[in-house]
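Report on the following structure.
The values are calculated or read from the model by the stated rules, or taken from the named source; none is laboratory data. Since we're looking at a predicted model, the values are computed, not measured. Here Cβ is always computed from backbone atoms with ideal geometry, including for glycine, and neighbour counts include all displayed protein chains. In case anyone asks, the SASA skips ligands and DNA or RNA and just uses the protein heavy atoms, side chains included. Shrake-Rupley method; radii C 1.70, N 1.55, O 1.52, S 1.80 Å.
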Protein chains: 2
Amino acid sequence: MKDLVYKCLNNANRRKILYCIGEEERCVNDIAECLDLEQSLTSHHLKDLYDCGLIEKKRDGKKIYYKVSEPEIVEILEKGKELGDKLEKRC
Amino acid sequence: MKDLVYKCLNNANRRKILYCIGEEERCVNDIAECLDLEQSLTSHHLKDLYDCGLIEKKRDGKKIYYKVSEPEIVEILEKGKELGDKLEKRC
DNA sequence: CAATCATATGAAAGACCTTGTATATAAGTG
DNA sequence: CACTTATATACAAGGTCTTTCATATGATTG
């Protein structure tokens, strides 16, 4: 259970999704299009993120809008990216 | 390549190892004993962490001492833990 | 209500991870 | 040099993850 946050972070597509809906909410189709992912794949990942509690959703007519509910996750993402970049330069 | 940091974080034993050698260096055997892990498993995980660049090693006679080389990883770990705890309370 | 649009779900293939067992290497010791 | 201690590596079994394809559900529209 405690591993869910790290598990969510351990996939490039999920990380992209988090960045994508970190500032403003977006509907599934927009997310998929924006990141060039299959609709169903996007949906699967959104479910993982949602089940983990990192994002929230809101229905509006046919569309469902998602956004990050825990800003901390974006901070972690940024720290992770910084560190990753730093480590990459070394090799 | 950029995923290595997140991959390293996505395993409870590796996270324990990072905590264990975050402050002071320790040799493989001590780490294994301290965390109650098999020697070879400890060694496997240390290799992953080392290859990723998160920890450094130093030989002293027969023993090899490891310690965290990037303190940022411990910060990330702590932020991740805080967030994980927060999310867990919800369910 | 049939058709359409938007999203979710299930199943399955293949890739990837974790772990354990057995064995190898490397350093130190008698 | 044989032996022991400390660590690393190879391999294989089992499990988990990611992705795709096909299909289902749910809301809206004509």
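The table below lists the values:
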quantity	calculated
Condition check for A:Asp30: more than 14 Å from every other protein chain (Cβ to nearest Cβ) and either more than 13 Å from DNA strand D (Cβ to nearest atom) or of a type in the set (Ser, Thr, Tyr) (or both)	yes
Pairs, first of a type in the set (Asp, Glu) in the stretch B:7-30, second open to solvent by 70 Å² or more (accessible area, probe 1.4 Å) and within 14 Å of DNA strand C (Cβ to nearest atom), C-beta under 9 Å, six or more apart	B:Glu25/B:Lys57; B:Glu25/B:Lys58; B:Asp30/B:Lys63
Pair list, Cβ < 9 Å and 6+ apart or interchain, from the stretch A:48-62 residues that are touching a residue at least 24 places away in the same chain (Cβ under 8 Å) and among the hydrophobic types (A, V, I, L, M, F, W, C) to residues that are open to solvent by less than 50 Å² (accessible area, probe 1.4 Å) and near DNA strand C (Cβ under 10 Å from one of its atoms)	A:Leu49/A:Tyr66; A:Ile55/A:Leu46; A:Ile55/A:Tyr66
Residue in the stretch A:25-40 that is open to solvent by 40 Å² or more (accessible area, probe 1.4 Å), more than 12 Å from DNA strand C (Cβ to nearest atom), closer than 22 Å to B:Val5 by Cβ and part of a helix (DSSP H, G or I) present	no
Qualifying positions in the stretch A:69-87 - more than 8 Å from every other protein chain (Cβ to nearest Cβ) and in contact (Cβ under 8 Å) with a residue 24 or more places away in the chain	A:Pro71, A:Val74, A:Leu77
Top-ranked residue of the stretch B:1-24 - restricted to ones that are outside any helix (DSSP H, G or I) and under 22 Å from B:Lys81 (Cβ atoms), ranked as farthest from the other protein chains (Cβ to nearest Cβ)	B:Glu24
